[in-house]
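Novice: Below is the structure I would like to discuss, written out as structure tokens.
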Amino acid sequence: MEVKIGVVDSPRELTVASGQSPEQVESLVADALKNADGVLALTDEKGRRFIVPSAKVAYVEIGPVEAPRVGFGIS
């Protein structure tokens with residue numbers, strides 16, 4: 001699942017390929033935004049940790065869970 005995080009004062013967004021469910025990510029984001037001094041910490045599929053101060057989070061976009069496509073089918 002793809003998670004995009006907009007960071008205040010940054011023209012680019014942070015994109016994380018997370019193995020967590022959308023509900024887990026939403027819960028982590030909600031907990032982080034409750035406290036202005038908190039941090040949003042996500043782990044990607046390769047085990048890397050991304051930590052953003054909650055005061056710098058502009059938005060979070062949680063993408064749908066997609067099964068990988070296999071083959072050459074026409075969609």
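The numbers here are math on the coordinates, done by the rules we state, and not lab data. The structure displayed is predicted, hence computed values, not measured ones. Cβ: placed from backbone, ideal geometry, glycine included. Neighbour counts: every protein chain shown.
Novice: Relative contact order for the chain using alpha-carbon pairs under 8 Å, separation at least 6, rounded to a whole percent?
Specialist: Averaging sequence separation for qualifying contacts and normalising by length gives 37 percent for the chain.
Novice: Spelling out what I want: for every residue of the stretch 11-18, take phi, set θ = phi - 60°, compute 6.51 cos²θ - 1.76 cosθ + 1.60 (Karplus), and round to whole Hz; glycine and proline get x.
Specialist: Whole-Hz 3J(HN,Hα) from phi for the stretch 11-18: x, 10, 9, 8, 10, 10, 8, 9.
Novice: Using R₀ = 22 Å, calculate the FRET efficiency as 1/(1 + (r/R₀)^6) where r is the Cβ-Cβ separation of residue 13 and residue 54; round to 0.05.
Specialist: After rounding, the FRET efficiency stands at 0.85.
Novice: Now for a different question. Residue-wise, which Karplus ³J(HN,Hα) couplings in Hz belong to the stretch 42-58, taking 6.51 cos²θ - 1.76 cosθ + 1.60, θ = phi - 60°, and x for glycine or proline?
Specialist: Karplus-based 3J(HN,Hα) across the stretch 42-58 equals 10, 10, 8, 5, 9, x, 6, 9, 10, 10, 10, x, 4, 5, 9, 7, 8 Hz.
Novice: Across the chain, where is the longest run that never hits GluC sites (Glu not before Pro) in a DSSP loop with at most 15 other C-beta atoms within 10 Å?
Specialist: 1-44
Novice: How many percent of all Cα-Cα pairs in the chain sit more than 20 Å apart?
Specialist: 33 percent
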